[in-house]
Amino acid sequence: MGLDLRKLEHLLAVAEDGTFTRAAARLHLSQQALSTSIRVLEREVGVTLLDRAGGVVTVSPAGQALIDDARTLHGLAHSAVQRARRIGRGETETLRIGHTPAVTSEEITTLLRPVRTSHPEVAAHANQRYPDELTAELLGGDLDVGLCRAMTPPRGLARIIVGHHRLRIAVDIDQHLARRDSVDLAELAGERFVVWGHPGRSGYTDLLIDHCRRAGFEPDTERSPLQGTPPVTAVLGTDRVAFVTAPAGPAADGQAHVLDLEPPALAPLHALWAQHTSSGTRDAFFEAAVG
């Protein structure tokens, strides 16, 4: 049986919007047409995909399984169409990179340097995305590569390590550690750490906490209120400490100081991409950046 991508799009819309009314408005369809489309899809699949009991729409387990794969299928179709258009129009293919706030623009520039050397024809656009946005755009075919730290790839995405960066500690310039050049991680047992994701829900936050545990203590953490800003800025005006990958020395226009961490600890840099998609620029990126 062949699946109709349009009907899958209708199922996704209802699941995301929670009601047929909102989904129909977004899709510019009548509610009756949308309901009919979903019922036809259910007959084709042979199982109930949406539970409509009590006037509330919920996704059945079978429906969720289909939705998970439908997102990947839509991304594949979108990528295929975009690639065909670029080739047909003779347009230069651009490497579209998304990165989480944990990855700095300087690190991306360094990563792209060998790509420019070996493939000068490759153009790249890099933009910051929050983790949920990053995975959605990768699955939707709007990004070629996602750069992150320790994110667990959802269904449909693959992950490899493209590098490691040394972790350091950032403090406000008036914090009591600011006059030091380095600090032993075990010395920070009494400090409060700023992190960017919720423990247990962020792979990167869990990785940082694991470094503390290996140093012999359970860290006291709080989530940064400055989401999306350079990590070093999270400590400004506070007595907190934060793991960063920025170079040691003055930072944030002299308002913060970055200390070397002893013994050295590393944070992986991961690349995510949509499986079963084709991209010449992505292949060039992996060839030059990873080897």
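Laboratory data are not the source of any read-out in this text; all were calculated from the coordinates shown. Please read these numbers as outputs of a predicted model, since none were measured by experiment. Here Cβ is always computed from backbone atoms with ideal geometry, including for glycine, and neighbour counts include all displayed protein chains.
The amide H of L236, built 1.01 Å from its N in the peptide plane, has no neighbour under 5 Å, considering only residues 5 or more places off or on other chains. Enter the Cα centre distance for the pair segment 213-291 and segment 1-20, rounded to the nearest angstrom. A separation of 38 Å, based on Cα centres. Measuring max minus min along each principal axis, the C-alpha atoms of segment 168-264 give extents of 33, 28, 20 Å (largest first). Volume per residue of the convex hull around the Cα atoms, evaluated for segment 5-84, comes out as 91 Å³. The H on the amide N of D220, modeled in the peptide plane, is under 5 Å from the matching H of F193, each at least 5 residues off or on a different chain. Once the gyration tensor of the Cα atoms in the chain is diagonalised, the equivalent ellipsoid follows with semi-axes of 42, 25, 15 Å, ordered largest first. In this calculation the C-beta distance from D283 to L226 is compared with R0 = 41 Å, giving a FRET efficiency of 0.65.
Net charge in the neighbourhood of T58 (other residues with Cβ under 12 Å of its Cβ; Lys, Arg +1, Asp, Glu -1) is 0. Taken as Cα centroids, segment 127-146 and segment 177-192 sit 35 Å apart, rounded to the nearest whole angstrom. Stretched out straight at 0.36 nm per residue, the stretch from E121 to D181 would grow longer than its current Cα-Cα span by 17.4 nm.
Rounded to whole numbers, the Karplus 3J(HN,Hα) couplings from phi for segment 13-24 are 5, 5, 5, 6, 8, x, 9, 5, 4, 5, 5, 5 Hz, using 6.51 cos²θ - 1.76 cosθ + 1.60 with θ = phi - 60°, and x at Gly and Pro.
Cβ crowding within 10 Å, taken as a proxy for footprinting-reagent exposure, orders F193, F286 from fewest neighbours to most as F286, F193. Helical runs assigned H by DSSP (4 residues or longer) give the chain a calculated mean residue ellipticity at 222 nm of -12000 deg cm²/dmol, each run adding -39500 (n - 2.57) before division by the residue total.
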